[in-house]
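What follows is a set of notes on a single structure, which appears directly below.
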Amino acid sequence: MKTIQRVFHYLEGSAFLAVLSFLFAFLSVFCKMAIPFLTGLAIQKVVDAGASGVIDISLYLILIASCLVAGSLFRYLYDLLTNYLGQRIVKKMRDEVYVAINEASLSYIDTHYHGDLLLRLVNDIENVQSGLIAGAGALFEGVVQILFTLVFMFILNWIMAIATILLTPLSIVVSRFISRQNSKYYKEQNAKMGTLTAYSLESLQNLEASRAYGLEEEKSAEFDKINDSLRQSAFKANFAVSWINPATRLVNNIIYAVLAFVGGILIVFKQPQLGLGAFGVGALSSMLSYAYQYMAPFNEISSVASEVSYAVASFKRIDGVILHPRDIDEGKEKIEGGVARLKVDHITFSYDGKRTIIDDFDVDIYRGHKIAFVGPTGCGKTTIINLMLRFYDPQKGSFLVNELPTSSYPKADLRSHIGMVLQDTWLFHGTIEENIAYGKLDASHKEVVEAAKKAHADSFIRQMPGGYQTVVSNASGLSTGQKQLLCLARVMLMQPEVVVLDEATSNIDLRTELLLSKSFDELMEGKTSLVVAHRLSTIRNADHILVLKDGKIIEQGNFEQLMAKKGFFKELYDSQLA
Amino acid sequence: MKQTRALGPLKKYSVKVVLAPLFKIFECVCELFVPILVKQVIDYLSATDSSSYDWMEILRPCLIMLALAFAGFGVTMVTQYLAARVSADYAYDLKKELYRQINELSDEQIDRFGRSKVITLVNNDSFSLQTGVNMFMRLLARSPFLLIGSVVASFLLSPLAGAIVLGVLLASSFVVFLVMALTPKRYAAIQAELDHISTLGEDALSGARPIRAFNKQDYEIKKFKEASSAYQKKTMALAKVNAWLNPLTFALINLGVILVLFLTGNRDMGAGTAVAVVNYFTQALTALIMFSRLVTSLSKAYASKKRVDSFLSLTPSIMSGDIQEAAIKKGETIFELKNASLTYGGEDAALQHIDFSLKEGERIGVIGGTGSGKSSLIALLERFYDASEGEVLFCGKPIQDYDLGAYRKKIALVSQKPQLYKGTIRSNILLANPDASEEEIEAALKDSLAYEFVSRYEEGIDHEVEEGGTNFSGGQKQRLLLCRALLSNRPILILDDATSALDYKSDLAVRENIARRNLTLLMVSQRATSIKNCDRIYVLDQGKVVAIGKHEELLKECAIYREIYETQVAVK
């Protein structure tokens, strides 16, 4: 029931249209079912007139013509309206899901499979459209059609109507059997298709290894095996689907033959005492028209029924994303005159509440300082950056900007002062130029090229087929090093007030890194910067180096001081010279 | 040169493809008889005087109707069976061809075609071709036969009725095909919008951090809403066309009914004929709708056929040569590059006029920055690409003259891309040498330093490897790849930045272990310390060789090399 309530939430503002759409469906089905009835009356009149009498069926012809006009009109309006309504709801849901993704906390994004969230945004919403919206319409239409059929049949002849009802289970059993078989084999085929696709994708990604080690034949044999199993399922699925039409025709024809016989017999042995005096050839022909269309709505309903159940499942998945609590962002202050002082005030943090990642971390940073974090993998360097940008909030303590905790500023304000290159490089689907200009949307082409040159990305960009206009994405063929250079170019163009580099050059070779150092010096000139690095040579000129281990600062000072200490830092440094 | 096209595999099944529609026609004939039988009943009931009815006259046609229904059903299921069988078999053959072609084409050709498009060929396009063949066999005969049959049967009943049925069907066909002609473009537009939505969603997820860091949430949401509005518009454009189909065909058919009744009222047509003709209308309309579905699925299949054709008709640019046996002689030159260049189609070449050689037993280092052409050099040696200019020689002969397997079999490559297969550690490291003994495996694991983490797994080397090796860290993956290369027992080892994710200590240990194995070695690295003991070092910069020599010579003579080395050891 809760689901239904939630569905109605998306219908808000469309309720009138929804009712209207049902009304149109009702009217168009009525007109459609009335025509065979009127046709029967007309034929009866012709038969009753005998061979020589006068026939005037113009009344029936006019009525049929009105049904024709009204039926087509309502049908057109109904088709159009359901579609409009469906698309309106789809858009509303999609926008809400997308907003939810963008407003979710990072812990939500980090702990959910991206592929799964994407599926909700794209496929699940399509399912809701076809299942809940188009499906609800078709379901309603089917039920109405069956009801009208029976009503008209009862009006014509109650014995034949009852005969039809008695034959109904045949339609239901056959259509349910077929749709069940169908969905079973369809799912099986889909699952195997998924396996085959995954296998092809892997092969395509590992082509180099496969060629270098001559695995082509072996892999082909494996592919054939999966392919063969798919072939078996595809056959079953194809065959199951192909029962629908012949079986429908069979059932229709059985009902048709039985009704033709029953009707004929009723006319032969007239039984006026049963109230059937008027039953004649015309009524029989109407009956037969109904019989011929009787099975269709049952098929429709049973195929829609399974779609509706998928759609409900999809709907719940979508709603789950939308209803997820949003990220908290309640700060009201404004950072006046830039970030003068940045203090880390006794921060303790854990991602899961169990394992402490940062333990009572405390440090003071002033404008213009270059601070470096070093330490072994997993020591909490990246976490500090996550906390500073408020991707996560600490359990104890806080970052202070100009004496106030960062939580008292809106996140957007805080982040607008910071430019960063993160460990995981990110390019969106767009041209290289658009990607570089992401932090400064109005940058000119010249500025972009300038920034790319500073990041030493210009030369490889020009090697690419489309130069700066080459379309790239996170998954495109660029190497990690090249992606890092593009992300660096982004920050070079932005010229932020506080610069954060989290292993920003980890995949860039030493020579390029050396060439970059001049650009870095320019970028960081007079600015506060925080640098996380595993190559210790790159942080020699930092004002202050913090050596982290297991979430704690174990040594700090400048390069010379730390080397003189002959402690953990020196040990790390020496291992790089081996 | 074997030319396989999309429909090639269908030839095997041609008998069944022809046979299936014939069975279908039998069912159609059965169906077309039904309205005639009904007409008999009606005529009998309206003409005969009610006192002399014989109920057998009613039972007989009804029993024939039943018999026809079952006979038609039985025979048509033969067609359905054949169609399901042939289409599944055909799709199997087609996918097999596609996979074979993937293996034969060069990386360059596949990249140019588009990797995601190749995957689409294997799933979507093969599927729509499968559906196309299926529908073709099932409906090709049925729909037109029923359509024409209805017209002919009506003509036989009364020429006037025949004319009306023909007219109504022609008008309906016109409507159906008009709608069909207007829709494909709109479908394509919707798909494009949906792809766009999917791309934006993907970016929002993978870029959750940067989008927030750059304060671009509102900007992204605005972009998305535009995309979802565009999608909504495109779907409505389609709906507006499609919404005409039902009401117009409904109106036309019933217009026909009105005409028939009018004629009956004027006594130009009998009541039984009228009922039969009304029945033919309904039958023919169903057939027409079916036919339009057939055309839709065939036109989809045709679009797929064109895509598949364009892929299957590509001639592999890297063709195997004839020389089967490549004998490497002691101390002789194995690889030689003469004035070789390689371009990927951009403004600048990735390698420009390179001279290079590798002798048996040598240890060669290659060093240079990002984009200096190091990996391109390896691509030439493995013949993943052919040089756009100049020559690549293997044991003195052009590399193109060799069977691809013949010389690749000599090289153990550890590439930059950590290419692991779903399976187990064992299945991955034994790829090139399934018969390796347990001792060999252990030695290789130890030499590649993979032993330390592999031995910690409960299942040891039977530990699972997930798709793409995502359950291993970068360093672990590199060690497994190294182990695979060592286990392959191939005489030449090529390391393409193969230890970049290892710390310096492990890197050193691995190098010492490899040195003990007496392999011909080509080592590409960003670290000067890794290659300083090589017999010869090539320094690459922007696709050119800028210096060749031993470590000490280069330190003296090559400024770039000196810079790299000095930043690394940080001694000034």
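Read-outs: derived from the displayed coordinates by stated rules, not from any lab. What you see is a predicted model; the values in this text were computed from it and never measured. In this analysis, Cβ positions are derived from the backbone assuming ideal geometry, glycine residues included, and neighbour counts consider all displayed protein chains.
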Original post:
How large is the charge dipole for chain B, taken about the Cα centre, if only the Cβ atoms of Lys, Arg (+1) and Asp, Glu (-1) carry charge, to the nearest 20 debye?
Top reply: 1080
Original post:
Counting only DSSP beta bridges with both residues in the protein assembly as shown, what percent are antiparallel, rounded to the nearest 5?
Top reply: 50
**OP:** Using the charge dipole of chain A (Lys, Arg: +1 at Cβ; Asp, Glu: -1 at Cβ; taken about the Cα centre), state which of A:Tyr98, A:His544, A:Phe140 has its Cα farthest towards the positive end.
**Re:** A:Phe140
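Roughly how crowded by other chains is peptide B:29-39, in terms of the mean Cβ count from those chains within 10 Å of each of its Cβ atoms? Walk me through the numbers on the way to the answer.
Numbers: counts 0, 2, 2, 0, 0, 7, 2, 0, 3, 8, 0.
That average works out to 2.
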Original post:
Just checking chain A: which Cys have no other cysteine's beta-carbon under 4.7 Å?
Top reply: A:Cys379, A:Cys487
Subject >> For the protein assembly as shown, with +1 on Lys and Arg beta carbons and -1 on Asp and Glu, the positive-most of A:Pro496, B:Thr79, B:Ser173 along the dipole >> reply: B:Ser173
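What does the average come to when, for each residue of peptide A:503-512, you count the partner chain Cβ atoms lying within 10 Å of its Cβ? Show your work: numbers first, answer last.
On the way: counts 0, 0, 0, 2, 6, 3, 13, 11, 16, 7.
That average works out to 6.
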Original post:
What is the sum of charges around A:Cys67, taking Lys and Arg as +1, Asp and Glu as -1, for the other residues whose C-beta is under 15 Å from the C-beta of A:Cys67?
Top reply: +2
**OP:** Please name which of A:Asn558, B:Asn518, B:Ala189 has its Cα lying farthest along the dipole of the protein assembly as shown towards the positive end, using unit charges on Cβ (Lys, Arg +1; Asp, Glu -1) and the Cα centre as origin.
**Re:** B:Ala189
Subject >> Residue-by-residue Karplus 3J(HN,Hα) for the range A:412-421, coefficients 6.51, -1.76, 1.60, Hz, glycine and proline x >> reply: 4, 5, 4, 6, 5, 8, 10, x, 9, 10
Original post:
Using the alpha-carbon atoms, what tilt in degrees (0 to 90, nearest 10) does helix A:216-241 show relative to the longest principal axis of chain A?
Top reply: 30
Subject >> Rounded if a/c under 1.5, otherwise prolate or oblate - the protein assembly as shown, Cα gyration tensor axes >> reply: prolate
Subject >> Acute angle (nearest 10 degrees) that the helix A:58-103 long axis makes with the longest principal axis of chain A, alpha-carbon atoms >> reply: 20
**OP:** Please work out the Cα convex hull volume for the range A:90-322 and give it in Å³ per residue.
**Re:** 149
Original post:
Tilt of helix A:244-268 relative to the longest C-alpha principal axis of chain A, in degrees (0 to 90, nearest 10)?
Top reply: 20
**OP:** Scan around A:Asn558 for amide H atoms under 5 Å from its own, H built in the peptide plane at 1.01 Å from N, and keep only partners 5 or more places away or cross-chain.
**Re:** A:Ile545
Original post:
Given +1 on the Cβ of Lys and Arg, -1 on the Cβ of Asp and Glu, and no further charges, what dipole in debye does chain A carry about its Cα centre, rounded to the nearest 20?
Top reply: 1400
**OP:** Would you pull out the residues with amide H under 5 Å of B:Gly368's amide H, same chain only if 5 or more places away, H placed 1.01 Å from N?
**Re:** B:Ser525, B:Leu540
Subject >> Per-residue mean of C-beta atoms belonging to partner chains within 10 Å, peptide A:484-492 >> reply: 1
Original post:
Going highest first, how would you order A:418-424, A:40-46 by mean Cβ packing within 10 Å?
Top reply: A:40-46, A:418-424
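Based on Cβ point charges of +1 for Lys and Arg and -1 for Asp and Glu, what charge dipole magnitude is obtained for the range A:90-322 about its Cα centre, in debye rounded to the nearest 20? Can you show the working numbers first?
Numbers: 18 positive and 20 negative charges, 232 e Å.
So the dipole magnitude of the range A:90-322 works out to roughly 1120 debye.
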**OP:** Mind ranking A:232-244, A:173-185 by how tightly packed they are, going by the mean number of other C-beta atoms within 10 angstrom, highest first?
**Re:** A:232-244, A:173-185
Subject >> Packing-based order for A:456-466, B:173-183, using average beta carbon neighbours within 10 Å, highest first >> reply: A:456-466, B:173-183
